[in-house]
Amino acid sequence: MPISLSLNSELRPATTSGEQAVSAIAKLHDFLAEQAQATDQEGRFARESVGSLAEAGVFAATVPAELGGFGVERLHDLTVITARIARADASVAVAYYMHIALAWYFARVVRFGADNEPGYLPRREWLEAIGDRRMLLCSAVAERGADYWNLATTATASYNGWVVNGRKILASLSPAATHFYCRMKAERGEGHHLASAMIPADTPGVHVEDDWQGLGLRGSGSGSVVFSECVIPDESLLVRGPWGKRDPSMLEGRAVSGMGLNGVYLGLAEAARDHALRALTKPTANGRPRTVSSAGTKSAIAEMEIALTAARGTLGAALQDFDAYLLLNKPQVLTDDMARGMMKECQSVSLVVERAATSVIDHAMRLTGGSSYQARHPLARAYRDVRAAAFMPPYSPPEEAIDFIADTALTE
């Protein structure tokens, strides 16, 4: 039996609740993998896979057990859960994470009793709805050509609440979402503020375009959502801070969500490595055995192992760092220096995982041979899917991540 070492072993759940979620995913792995090929080839949203995971309770993983979930509290476990889904289908893993990262944040707010305090929008009833399988969340923040602090979507104060207008892109899970958690500019009189709002999908004026045409992650449902004269009540919107000003408390949330998203690309790499090793045990198309004793083959295998060790070790240590803080503190209480430190660590780890995953998949394709270049091959899909890592939040385009890391280091 192999010795379990912290650096070169797969990341495993740290809690019983995490193990329950991973076990539920394992039972669905073959179905998810089969669906992944179909949804990628057809370029459609992976609705069946999302439905099966939701029915199994995986979309309620972070909801407290008494409210119908598994009660996952650690970011480490949430990342492992995401990675296990990604081994079967990275598209579904991305769609899942954009929901579960919000549900995890809501549960953390409620756990610390902050849902009754000013400055927090999440409510216990949202967790109850997620636990009852009545709520699927879409994080609708991104906009074409706009950064996080200068969004074009507006919420204008009116006599009956707020009127929302705007267009969001990269809204993963949007075709199945029941609610959209949005960021926007709140306009009231002469004052403009950054705001968050929860908008039900059945609100008049909400239109999901389902127009996602990505190179990869084709089943993630990451299309556009349009809000046209959508009226929401006052209690559905939270005014967060002055418009255009970078709020350090928001860096925490972005760093935390970005760190867990690395599970998608770790899972992709792990699946690619396993596929390549299986391929080496099978004869070629003309019946000849594979040559596994050559220096080239062994070098490629070793490079995959080295890259995975770097990704697992770096990500695992960072998740331990984050959980040590997150389990003891309610959201949005960081100092500016602490928030920048978390974001720097998130960005650095994300780059390590991205580079490692890309390297593993490249080596896996070479080891597998020309069949992996066929569009329907799982490694061809992985080759396209992993390229999304460079453009995922919290900072995009990629050069902004490098700037942030360097600028933070220069001011430490």
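The values are calculated or read from the model by the stated rules, or taken from the named source; none is laboratory data. Everything quoted here is computed from the prediction, not taken from an experiment. Quick reminder, even Gly has a Cβ in these numbers, built from the backbone with ideal geometry, and neighbours come from all protein chains shown.
Does region 312-343 hold any residues that are surrounded by 18 or more Cβ atoms within 10 Å (Cβ to Cβ) and of a type in the set (Lys, Arg), and which are they?
Correct list: Arg312, Arg340.
Pick out the one residue from Ser299, Ser348 that is under 21 Å from Ile402 (Cβ atoms) and among the small types (Gly, Ala, Ser).
Exactly one of Ser299, Ser348 is under 21 Å from Ile402 (Cβ atoms) and among the small types (Gly, Ala, Ser), namely Ser348.
Does region 20-36 include one or more residues that are farther than 24 Å from Pro378 by Cβ and modelled with pLDDT of 95 or more?
yes
Would you confirm, using the coordinates I've provided, whether Ala317 is without any contact (Cβ under 8 Å) to a residue 24 or more places away in the chain, assigned to a helix (DSSP H, G or I), among the hydrophobic types (A, V, I, L, M, F, W, C) and not assigned by TED's automatic domain parsing to the domain that holds Glu143?
Answer is yes for this residue.
Within region 358-367, can one find any residue that is under 18 Å from the mean Cα position of the chain (by Cα) and without any contact (Cβ under 8 Å) to a residue 24 or more places away in the chain?
Scanning region 358-367 turns up no residue that is under 18 Å from the mean Cα position of the chain (by Cα) and without any contact (Cβ under 8 Å) to a residue 24 or more places away in the chain.
Go through (1) crowded, with 20+ Cβ neighbours inside 10 Å; (2) assigned to a strand (DSSP E or B); (3) at negative phi one by one and return the number of the condition Val110 breaks.
(2)
So His207 ticks every box in (1) loosely packed, with under 15 Cβ neighbours inside 10 Å; (2) modelled with pLDDT of 95 or more; (3) under 22 Å from Leu121 (Cα atoms) but one. Which box is left unticked?
(3)
Given the residues Arg188, Arg167, Arg218, which is the only one that is surrounded by fewer than 18 Cβ atoms within 10 Å (Cβ to Cβ), more than 27 Å from Glu117 (Cα to Cα) and of a type in the set (Lys, Arg)?
Arg167
Among the residues of region 384-392, are any surrounded by fewer than 17 Cβ atoms within 10 Å (Cβ to Cβ) and in a loop (DSSP other than H, G, I, E, B)?
no
Among the numbered conditions (1) closer than 23 Å to Ala129 by Cα; (2) charged (D, E, K, R); (3) out of contact with any Leu (no Cβ under 9 Å at 6 or more places or on another chain), tell me where Glu73 comes up short.
So the condition that Glu73 fails would be (3).
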